[in-house]
1. For the range 64-80, how many residues are within 20 Å of the chain's Cα centre (by Cα) and over 14 Å from R107 (Cα atoms)?
2. State whether the residues of the range 62-76 include one that is in contact with a helix residue (DSSP H, G or I) (Cβ under 7 Å, 6 or more places away or on another chain), part of a strand (DSSP E or B) and closer than 15 Å to D138 by Cα.
3. Can you run down the residue pairs with Cβ atoms below 8 Å, 6 or more apart or on separate chains, where the first is in the range 126-144 and over 19 Å from I101 (Cα atoms) and hydrophobic (A, V, I, L, M, F, W, C) and the partner is in a loop (DSSP other than H, G, I, E, B) and at pLDDT 95 or above?
4. Considering only the range 34-43, state which residues are among the aliphatic types (A, V, I, L, M), touching a Leu at 6+ places or on another chain (Cβ under 9 Å) and surrounded by fewer than 20 Cβ atoms within 10 Å (Cβ to Cβ).
5. Any residue at all in the range 120-132 that is closer than 26 Å to T57 by Cβ and of a type in the set (A, V, I, L, M, F, W, C)?
6. Considering each residue of the range 1-56, count those that are assigned to a loop (DSSP other than H, G, I, E, B), in contact (Cβ under 8 Å) with a residue 12 or more places away in the chain and farther than 14 Å from T89 by Cα, and give that number.
7. Being of a type in the set (A, V, I, L, M) and surrounded by 23 or more Cβ atoms within 10 Å (Cβ to Cβ) is the filter here, so list the residues in the range 74-126 that pass it.
8. Out of everything in the range 45-68 that is in contact with a strand residue (DSSP E or B) (Cβ under 6 Å, 6 or more places away or on another chain) and of a type outside the set (S, T, Y), what residue ends up being nearest to G126 (Cα to Cα)?
Amino acid sequence: MTDAGFGVVPLEQARTMDGLTLFKGLLEGRFPAPPISRMLGMKLSEIEFGRVAFTYTPVFDHYNPLGSVHGGIAATLLDSVMGCCIHTTLKAGVGYTTVEIKVNYVRAMTDKTGPVRAEGKVINVGSRIGTSEGRLTDASGKLLAHGTTTCLIFPI
């Protein structure tokens, strides 16, 4: 573990746990949050089998040249929750990687948007392919972006 609770769970340790156990450990602080969480300011907030939610507050440092939060932030939040919700369904020794992501941007985020919530829910998980969907909403529930993903599932 490094810097204020951020780090990476060693692969040797991660492969001994099913995905739900790993994510419960992250949420409870028994395992370090990944460094990208610090860099983007996103935080795991909810976890259950087949569903994950993260929170994020848009900041000026993430602006693009047009004066709003870069769309890559929304894509990263959605990619994270959509992949992680699939991960919660996987057995020990099984991993995944994103092979396709589709994001639809509905509303721009700015540093005035306030806290947002990204939620991912499993559509289907098979032995080789998992699919899920995600929604990014503001504090009033207004849709900012949504997406779908396809993940490849494999032994690790």
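The values are calculated or read from the model by the stated rules, or taken from the named source; none is laboratory data. Source: prediction; values computed, not measured. As a convention, Cβ positions derive from the backbone with ideal geometry for all residues, glycine included, and neighbour counts pool all protein chains shown.
1. Residues meeting the conditions: 5.
2. Among the residues of the range 62-76, at least one is in contact with a helix residue (DSSP H, G or I) (Cβ under 7 Å, 6 or more places away or on another chain), part of a strand (DSSP E or B) and closer than 15 Å to D138 by Cα, which makes the answer yes.
3. From residues that are over 19 Å from I101 (Cα atoms) and hydrophobic (A, V, I, L, M, F, W, C), the pairs are A139/G114; A139/P115.
4. L40
5. Among the residues of the range 120-132, not one is closer than 26 Å to T57 by Cβ and of a type in the set (A, V, I, L, M, F, W, C), which makes the answer no.
6. Residues meeting the conditions: 11.
7. A74, L77, L78, V81, M82, I86, M109, V116, A118
8. Here the answer is G50.
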